Every structure is written in C-alpha cells, then in structure tokens.
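Notes follow the structure.
The values are calculated or read from the model by the stated rules, or taken from the named source; none is laboratory data. This is a predicted model, so every value here is computed, not measured. Cβ placement follows ideal geometry from the backbone for every residue including glycine, while neighbour counts extend to all protein chains displayed.
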Amino acid sequence: MSPSELVSPPAPPSVWHMYRAMVGVGVFCGLLIVSVFQVTLPVIERNKAEALQQAIFHVLPSARTSAAYRLDEAGGFKLLEGDAAGEQLVYAGYDEAQQLVGLAVQAQGMGYQDVIALIYGYSFTEQAIVGIQVLESKETPGLGDKIETDPAFLENFKGLDVSVRGDGSALANPIVPVKHGEKTKPWEVDGITGATISSVAIAALLDRSAEYWVPRIRSNLGDFQGEE
Amino acid sequence: MASSKSSTDEFIKGLWKENPVFVQVLGMCPVLAVSNTAMNALAMGLATAFVLVMSNIVVSSLRTFIPKQVRIATYILIIATFVTVVDYVIQAVSLELYKALGAFISLIVVNCLILGRAEAFASKNTVARSTMDGLGMGIGFAFALFCLGAVREILGNGSLFGVALFHDSFQKWVVMILPSGGFFTLAAWLLLFNWLKQRKAKKEATATLALRKEVA
C-alpha cells in the first residue's frame, strides 16, 4: 500500500454545520406545513360540514333545511349559532314550509373492529327512526361493512319504533337485535348473517342513544318549533 | 457506471426493471393493506409518488448542505413534512378517500422505499436525475398498487372503480378484499413477473448461443 492511499478519514463536520442543517431544514419544513394547513383548512371544514349536511338530509328525506341545537344543563335545547361541532348536539330538519319534520342525532358505539359512528333520523309523526347513515366504521370489508350496504338490514331503519312510555320517561320498548328473518315487532332489528357482531352493535348503540335522546326531545318539543 | 445512464434510463428503471413492488419488494405494508379497491390503491400510489418525488428533489438539492452524521434525521424530517402536506391535501380533496386510506397516509413516512431512494440515490445524484428517479419509482409503485387493487376489486367486489362489471349472479370472492387476498394477489403478480423475466433471460441465452454457433 502506498502512503498516498493511507489517507486519514476526513475531519468530522463542526457542530455548527449539523445544527445549521437540522435547524434550517426544520424551519423550512415547519413553514411549509403551516402554510399548507392554512390554505387547506377552510376547504376541509367546508367538506366536513357538507358531509354532515348531506347525512342529515339522507336520514331525514323530507327535510330541506336544518339547524343545530345543543342540550344545555337545564335540560332544554338551545339553537346553536355558527360552529356546529361538539357534544350534546342534535340537528332539527325542516321542510319547505319550515315545518319541523324530525331530528337527526349522532350516536356511536363499539363495533367489531373499532367505534362505529352513525347519524339517525327521528320522526315525530311516526315516533320512529326513519333512516341511518354510518359516518365512520372500520368493520370487516365484505362482512361487517354490510351494515352500510345490505338492503334487508337497512330496511329495519325505515320505521324502527322508538315510541315513549305514557309518562314520557323512557322508551316503551327497547331496541333489540334478533336473528335474520325472525323480526316480528317494529322495535326489533333484523340482524345480518355473517355480520352478527356489527349488526348487534348497531342495535345496541341505537338503543342506548334513543333511550337517552328521545324522551328528552319529546319533553322539549317546543324548543324546536319556534325556529324559522 | 451510474453516470453513464441518461435521465430517461433513471425514469424507466423504476417502472419495470427495478419496480419497487414487483422486483425490489419494498413498502409491503401499504401494498397489502390499501390495495382492496382500485381507487384506494391508485390514490395511495400517487400520494406515495408525490412524497417520493418531492423528498428526492429536496434531499438532492441539499446533499452538500446536510452533514453525513445527521442525514437520516434530516431525511425523515423532510419526508414527514411532505406526508403531512399530502394528508391535508387529500382531506381537502375528498373526505371519503381520506377515510378509506386512514392511517396509511401517515405511514408513508416509514415507507422504506422513500428513505431508501433518498439515501441510496438522491443524496448522491443531481436534482434532475433524482427527480427522474423519484418519478419512475413513484409511478412504478402506483402502477404496482393499481395492479393489485384492480384484481382484488374485480374478483372481490365484481367492480372496477366502483362500476359493476358482472351480472348480479356473480359470486363475489370476499376473501380477495380481506387481508389474505392481498397476499394471494401479490404472490400471483410476483409469479407472473418472475416468469416473464426468466423467459426473457432464456430467450436471450439461446439467441447468443445460436449467434456463437453461426460465427463458429
């Protein structure tokens, strides 16, 4: 080996160079992220609001406009201005004549894989759930996700009875899941073969949510009527 | 040897000869997980391609500025930034798509294909060549994901891009949509690619043999 080949390794770069690279790249990346966030934020919020609006009109087919209400501590409903996000919200749907047709309520519960979030429409005249739309679910593709596509299963929610007891304190009949093809009562949910856990989860989360909301909504009906 | 290659060669190699999925078998997590429909697969492939191209451009233009000791940390920072950008853009374009791709967008950060190209190629080559390399590899990756996604959607759901292809009586192969279907489809594609490669090599070998005989 000739002496020229025995070069010593290059001196390590100074700490300054390392800091310069890391901090420089960090600042550049931070600025880029913030600017993209600022640009896309209004579009993302509009998309989310539109998706929610569409879901409300899907579960309340005769509604043309909607308004968000918040349940306050006193047990009454207050019209919500502006930002329609957060807990304890229901969405009232009105038809062309500004008549109240029903309420859309969000509910969630544990499914087979993860939390299932859905929105359902409650009709005053029918005292029933008249439509559901799953907002979020990670159920097994091809099996559990039939809760969103199976026509026989969705048929359950075209008139699922949630009438209240005479004193208005609770549901007259809890929503109960039954095996596929064994539904006899209007408050039973006909399950899906091959997606038992997911369909039972839907029935359970609807029961829990309706048990909470329907008596409260019925005892405060006046709160929604004044809004035009 | 690398310097003798033109930019076009850098672009072409990612599409076929060094395809990230079918030849290098890199980034298998998104390949298997998000290829259940053609749309998801294509969107994921394009998102990855965008991150790959942008990180290659930035890494190669900063290659003299970044000391060797902190290069991996800096590369990850650059990649994570572009992944965040893609994340916001997809949310702005379509919430439905964003829900379908879910956590896998954020996981592009740890896709070994991207860090691999930054480390093995972009940090040693010019911006122009790195861009071509990123484009080739990215499109190759998106193409491979689409190949998987299309097969899985057609067999598992009887549709392509959500458009039904068969009569109602078509019995869907649900297993193709489930995770195991990803493995089956990938195996079939790898088999096809390797068979094509071997056949080509054999043909070339016989051609050279024949040529030699003729010369003799």
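Is it the case that the range B:29-52 has a residue that's in contact (Cβ under 8 Å) with a residue 40 or more places away in the chain, surrounded by fewer than 19 Cβ atoms within 10 Å (Cβ to Cβ) and not in a helix (DSSP H, G or I)? No, because not a single residue in the range B:29-52 is in contact (Cβ under 8 Å) with a residue 40 or more places away in the chain, surrounded by fewer than 19 Cβ atoms within 10 Å (Cβ to Cβ) and not in a helix (DSSP H, G or I). B:THR126 meets each of the listed conditions (1) buried (at least 17 other Cβ atoms within 10 Å of the Cβ); (2) over 18 Å from the mean Cα position of the chain (by Cα); (3) more than 24 Å from B:CYS29 (Cα to Cα) apart from (1).
Taking the stated definitions as given, is B:VAL21 surrounded by 17 or more Cβ atoms within 10 Å (Cβ to Cβ) and within 14 Å of another protein chain (Cβ to nearest Cβ)? Walk me through it before giving the result.
Details: surrounded by 17 or more Cβ atoms within 10 Å (Cβ to Cβ): yes; within 14 Å of another protein chain (Cβ to nearest Cβ): no.
Answer is no for this residue.
Residue-level check: of (1) under 30 Å from A:GLY30 (Cβ atoms); (2) within 14 Å of chain A (Cβ to nearest Cβ); (3) not β-branched (Val, Ile, Thr), B:LEU155 misses just (1). Just one of the listed residues (A:ASP114, A:ASP72, A:ASP83) is closer than 27 Å to A:ASP145 by Cβ, at pLDDT below 85 and loosely packed, with under 13 Cβ neighbours inside 10 Å, and it is A:ASP114. Counting only helices (runs of 4 or more DSSP H) that sit completely within the range B:68-122, those holding 2 or more residues that are modelled with pLDDT of 90 or more and away from chain A (no Cβ under 12 Å) correspond to B:112-120.
Selection of the range A:37-58 for residues being within 8 Å of chain B (Cβ to nearest Cβ) and either within 13 Å of the chain's Cα centre (by Cα) or within 26 Å of A:PHE157 (Cβ to Cβ) (or both) yields A:ASN47, A:LYS48, A:ALA51.
Reported count of residues in the range B:155-177, each being in contact (Cβ under 8 Å) with a residue 60 or more places away in the chain and surrounded by fewer than 20 Cβ atoms within 10 Å (Cβ to Cβ), is 3.
Quick grid of which residues meet (1) in contact with an Asp or Glu (Cβ under 8 Å, 6 or more places away or on another chain); (2) among the acidic types (Asp, Glu):
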{"site": "A:VAL134", "(1), (2)": "yes, no"}
{"site": "A:ASP150", "(1), (2)": "no, yes"}
{"site": "A:PHE157", "(1), (2)": "no, no"}
{"site": "A:SER169", "(1), (2)": "no, no"}
{"site": "A:ASN173", "(1), (2)": "yes, no"}
{"site": "A:LYS183", "(1), (2)": "yes, no"}
{"site": "A:ARG208", "(1), (2)": "no, no"}
{"site": "A:TYR212", "(1), (2)": "no, no"}
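Quick check on A:PRO141: is it in contact with a helix residue (DSSP H, G or I) (Cβ under 8 Å, 6 or more places away or on another chain), within 11 Å of chain B (Cβ to nearest Cβ) and assigned to a loop (DSSP other than H, G, I, E, B)? Yes, satisfied. The set of residues in the range A:135-165 that are within 24 Å of A:GLN53 (Cβ to Cβ), modelled with pLDDT of 85 or more and buried (at least 20 other Cβ atoms within 10 Å of the Cβ) comprises A:ILE147, A:PHE157, A:LEU160, A:VAL162. I'd like to check something: does the range A:198-205 contain any residue that is out of contact with any strand residue (DSSP E or B) (no Cβ under 6 Å at 6 or more places or on another chain), within 19 Å of A:ALA55 (Cα to Cα) and at pLDDT 85 or above? Yes, the range A:198-205 has at least one match. Among the residues of the range A:178-210, the one identified as among the β-branched types (Val, Ile, Thr), crowded, with 20+ Cβ neighbours inside 10 Å and in a helix (DSSP H, G or I) is A:ILE202.
Does the range B:198-216 contain at least one residue that is away from every other protein chain (no Cβ under 14 Å) and surrounded by 12 or more Cβ atoms within 10 Å (Cβ to Cβ)?
No, the range B:198-216 has no match at all.
Report yes if some residue within the range B:200-215 is within 19 Å of the chain's Cα centre (by Cα) and part of a helix (DSSP H, G or I); otherwise report no. No, the range B:200-215 contains no residue that is within 19 Å of the chain's Cα centre (by Cα) and part of a helix (DSSP H, G or I).
Checked against (1) in contact with a His (Cβ under 8 Å, 6 or more places away or on another chain); (2) more than 14 Å from every other protein chain (Cβ to nearest Cβ), A:GLN133 meets all criteria but (2).
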